[in-house]
Amino acid sequence: MTEPLLHLAGIGLSFAGNTVLQDVSFAVQEGRVASLIGPNGAGKTSLFNCITGFYRPRAGRISFAGQDLRRLKPHRITAAGIARTFQNLRLFREMTVLENVMSGMHCRTRAGAIGAILRLASQRREEEEIRAVAHECLAFVGVADERDRIATTLPYGHQRRVEIARALATRPRLLLLDEPAAGLNGGEKRELIGLIRSIRDQRAITILLIEHDTGLVMRVSERVSVLDHGQMIAEGTPREIQTDPRVIEAYLGSDEDADALL
Amino acid sequence: MASDARVLARLAGPLAGFLSRGIGRWIALALLFAAMAAAPFVLGEYATVILTNALLYVVLALGLNVVVGYAGLLDLGYAAFFAVGAYTVGILTLRAGMNFWLTLPAAVAVAAVAGVVVGGPTLRLRSDYLAIVTLGFGEIVRITARNLPITGMASGLSGIRQPWLFGWHIATPRDFYYVFCVLATAAAIVSARLSDSRLGRAWLYVRYDEDAAEAMGIDRVRVKLAAYVTGAIIGAIGGAFFAVNLGAISPPSFSFSQSVSILMAVILGGMGKIPGVILGAMIVVLGPELLRSLGEFRLLVFAIGLLLIMLFRPSGLWPGRSHAK
Ligand SMILES: Nc1ncnc2c1ncn2[C@@H]1O[C@H](COP(=O)(O)OP(=O)(O)O)[C@@H](O)[C@H]1O
Ligand SMILES: [Mg+2]
């Protein structure tokens with residue numbers, strides 16, 4: 001097996017003595033669609049926050065494409081090639097859809113105050129490139145028509161897509177999606193599956209998603225990891241996971257989603 | 001006053017719409033420049049001096065607007081940078097005999113360094129430490145100026161010479177009025193260009209959602225520092241020209257209440273909106289002058305008016321999106 005794109009080893013995280021993640025080890029191979037599932041409060045979002053530099057694990061190592069990510073600030077991790085969406089929509093309010101997506105290009109461009117004030121040729125070229133990339137990302141996720149609307153006034157499902165477009169605009173190698181299907185209806189979920197596949201197939205971006213809809217997880221992912229009470233309890237193909245007794249117990253034990261798995 | 005504010009708001013709506021449209025905009029700009037050029041001849045010397053002061057306020061308010069309106073940072077000691085510019089010019093021209101135009105880059109450099117020294121460590125912290133630190137910085141600068149021989153202690157510096165520009169001796173109130181017209185116009189253009197740029201958007205991203213901005217690869221500390229230093233430089237340039245205009249500077253010009261007045265101009269017209277900030281600066285300077293007939297009550301009436309505007313137009317007098325271009 002080749003060196004994984006993302007590799008976590010022995011991650012421990014706690015808040016005020018409260019253990020949230022315990023000795024979590026985990027790897028994502030380049031080119032995969034991998035999923036992270038687990039009951040509410042299992043620590044999935046916290047794990048994303050460790051990977052993206054928002055939380056500092058007290059133990060363990062995180063490496064991405066051979067680079068040590070620990071101690072890097074979130075913006076450096078994004079620049080290194082990891083983009084994310086948030087479980088709760090975090091679009092920039094009062095700004096248009098296009099302006100929101102343009103934010104992703106910030107770490108791929110460099111013009112500063114002087115360039116802006118003097119309107120240097122390099123600055124104007126860069127602005128055009130930012131617009132073009134943002135527009136292309138919006139078209140890719142299928143909401144280009146709404147580019148000039150204030151982002152937070154869009155229907156919920158479209159806001160989710162704008163968030164994905166914004167993450168794509170950072171030109172990532174790895175995309176982390178935190179519950180991208182939450183709040184979507186059946187049709188929208190089917191479209192999301194298509195979108196996730198095309199992000200991987202057409203843009204060659206590795207995907208790791210957190211999802212509660214196990215049906216969706218089983219259909220879209222090649223590897224599934226299960227987190228329960230801050231511990232990684234199972235890892236395998238969707239089929240292996242569906243029949244793993246520890247997984248079934250974790251879901252039954254938490255009583256929500258008990259039959260969602262089956 | 002309350003109904004005044006509403007009438008103003010109702011008038012400003014269509015007016016702003018008209019001004020932002022293609023040809024209407026050019027006509028409005030042409031009229032504005034004609035009026036600005038003619039004003040000293042029509043209004044006389046006293047009014048020209050007052051207008052010059054209003055234009056200085058436009059420069060300072062637009063500078064502070066980069067910090068407060070664009071980046072959303074509360075700066076309670078902005079007059080410190082105004083002082084840095086004024087004293088740098090005062091000291092270098094008087095004590096080192098330097099040409100004013102050569103002291104300008106020095107004023108900009110000193111302000112930038114001061115901005116990095118004050119903002120660098122503070123902007124790393126979340127929340128509103130900046131408000132407290134800038135408040136302290138403003139007082140430190142003023143008290144230092146009061147106590148150092150080189151800044152002339154409490155009586156300040158006087159005899160600062162008026163500059164020459166290619167054979168033009170900038171000396172009369174009318175000369176300075178035109179200089180400040182150019183400065184205010186330049187500040188407005190700089191503001192507009194910054195607002196519509198990668199950096200300008202980054203300020204908004206960070207202001208609206210720091211975490212999402214970081215996740216998009218934006219270094220929030222660096223971006224905030226850029227705003228703080230940009231504001232510092234604009235303030236120092238304002239201070240430099242203020243020093244040669246008056247020929248004398250002293251600590252009371254750079255007090256906390258000066259910082260508050262500039263901040264009031266920014267908030268009053270509408271943070272982040274360039275025409276709004278210009279309007280705010282005009283009101284802060286011209287308001288008390290226009291109410292002069294009320295005698296000793298004028299400041300009270302003015303303050304009540306401001307309060308009512310805040311109550312009925314909390315996002316400022318100028319309508320529209322806070323970063324409308
Ligand atoms: N910043 C934080 N401070 C304190 N506790 C936190 C913080 N972030 C997460 N937690 C705790 O970590 C646990 C896991 O949360 P989370 O990672 O959001 O779970 P999941 O995404 O799997 O539903 C929860 O008990 C939550 O209260
Ligand atoms: Mg979560």
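The values are calculated or read from the model by the stated rules, or taken from the named source; none is laboratory data. Small disclaimer: the values here were computed from a predicted structure and weren't measured. Here the Cβ is made from the backbone with ideal geometry for all residues, glycine too, and neighbour counts use every protein chain on show. Ligands, DNA and RNA are excluded from the accessible area calculation, which covers all protein heavy atoms including side chains. Shrake-Rupley method; radii C 1.70, N 1.55, O 1.52, S 1.80 Å.
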**Request:** Report the paramagnetic label zone for A:Ala9: residues of segment A:59-98 whose backbone N is under 19 Å from a point 7 Å from Cα along the Cα-to-Cβ axis.
**Result:** A:59-72
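Counting only protein heavy atoms, what percent of the accessible surface of segment B:43-312 is carbon or sulfur at a 1.4 Å probe?
On the way: 7350 of 10560 Å².
Within segment B:43-312, the accessible surface is 70 percent carbon and sulfur.
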**Request:** Sort B:Trp101, B:Trp26 by accessible area with a 1.4 Å probe, largest first.
**Result:** B:Trp26, B:Trp101
**Item:** segment B:267-291 and segment A:97-145: distance between their alpha carbon centers, rounded to Å
**Value:** 33
**Item:** 18 Å reach of a label modelled at A:Arg125, 7 Å along Cα-to-Cβ, counting backbone N of segment B:200-243
**Value:** none
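Please list A:Arg173, A:Arg203 in order of solvent-accessible area, largest first, computed with a 1.4 Å probe with all protein chains present. Intermediate values should be presented prior to the final figure.
Working: A:Arg173 100, A:Arg203 65 Å².
Final ranking, largest accessible area leading: A:Arg173, A:Arg203.
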**Message:** Ignoring everything except DSSP H segments at least 4 long, calculate the 222 nm mean residue ellipticity for chain B; use -39,500 (n - 2.57) per segment, divide by total residues, nearest 500.
**Reply:** -24000 deg cm²/dmol
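Convex hull over the alpha-carbon atoms of segment B:79-229: what's its volume per residue in Å³?
Expressed per residue, the convex hull around the Cα atoms of segment B:79-229 is 134 Å³.
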**Item:** Estimated vicinal HN-Hα couplings, Hz - segment B:52-64 in sequence order (Karplus 6.51, -1.76, 1.60; Gly, Pro = x)
**Value:** 4, 5, 4, 5, 4, 5, 4, 4, 5, 5, 5, x, 5
**Asked** How large, in percent, is the carbon and sulfur part of the accessible surface of segment A:6-260 at a probe radius of 1.4 Å?
**Response** 46
**Request:** Work out from phi, with θ = phi - 60° and the Karplus expression 6.51 cos²θ - 1.76 cosθ + 1.60, the ³J(HN,Hα) of each residue of segment B:86-94, listed in order in whole Hz, and give x for Gly and Pro.
**Result:** 5, 6, 4, 5, x, 5, 5, 6, 6
**Message:** Considering all projection directions equally, how large on average is the shadow of the alpha-carbon convex hull of chain B, in square nanometres?
**Reply:** 17.4
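May I ask you to give the average projected area over all directions of the convex hull of the Cα atoms of segment A:6-260, in nm² rounded to one decimal?
With every direction weighted equally, the projected area is 14.6 nm².
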**Complete:** From the cross-link list A:Lys44/A:Lys189; A:Lys44/B:Lys224; A:Lys73/B:Lys273, the entries with a Cα-Cα span beyond 29 Å are A:Lys44/B:Lys224; A:Lys73/B:Lys273
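Does segment B:233-312 come out rounded, prolate or oblate by the C-alpha gyration tensor, with a ≥ b ≥ c the root eigenvalues, rounded set by a/c under 1.5 and, if not, prolate when a/b is larger than b/c and oblate if not?
Verdict is oblate for segment B:233-312.
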**Item:** Solvent-accessible surface (1.4 angstrom probe) belonging to A:Met232, in square angstrom, nearest 10
**Value:** 50
**Cα-only radius of gyration and Dmax that characterise segment B:159-239, units Å** = 18.0, 54
**Two-site label geometry, B:Arg298 and A:Arg190: point separation in nm, points 7 Å out along Cα→Cβ** = 7.4
**Request:** Just reorder A:Leu118, A:Leu5, B:Leu225 by solvent-accessible area, largest first, 1.4 Å probe, all chains present.
**Result:** A:Leu118, B:Leu225, A:Leu5
**Amide H contacts of A:Gly60 (H built 1.01 Å from N, under 5 Å, at least 5 apart or other chain)** = A:Gly12
**Asked** Tell me, what is the per residue accessible area of the protein assembly as shown in Å², probe radius 1.4 Å?
**Response** 44
**Fill in**
Taking every C-alpha to C-alpha distance in segment A:119-262 and binning by 5 Å from 0, the per-bin percentages run 2, 8, 16, 18, 16, 13, 10, 7, 4, 2, 1, 1, 0
**Message:** Along the Cα→Cβ direction, 7 angstrom out, place labels at B:Ala248 and B:Leu32. What is the inter-label distance in nm?
**Reply:** 3.6
**Asked** GNM, chain B, Cα, under 10 Å: largest mean-square fluctuation among B:Gly77, B:Gly119, B:Gly239?
**Response** B:Gly119
**Fill in**
FRET efficiency (A:Arg108, B:Gln162; Cβ distance; R0 60 Å; to 0.05) is 0.80
**Item:** Placed amide H near A:Gly112: partners under 5 Å, 5+ positions off or other chain
**Value:** none
**Prompt:** When the dipole is taken about the Cα centre of chain A, and only Lys, Arg (+1) and Asp, Glu (-1) are charged at their Cβ, what size is it in debye, to the nearest 20?
**Reply:** 1200
**Request:** Sticking to Cα atoms, compute the Rg of the protein assembly as shown to one decimal and its Dmax as the biggest Cα-Cα distance, whole number, in Å.
**Result:** 28.5, 91
**Asked** Could you give the nm distance between label points at A:Gln29 and B:Thr172, where each point is 7 Å from its Cα heading toward the beta carbon?
**Response** 8.5
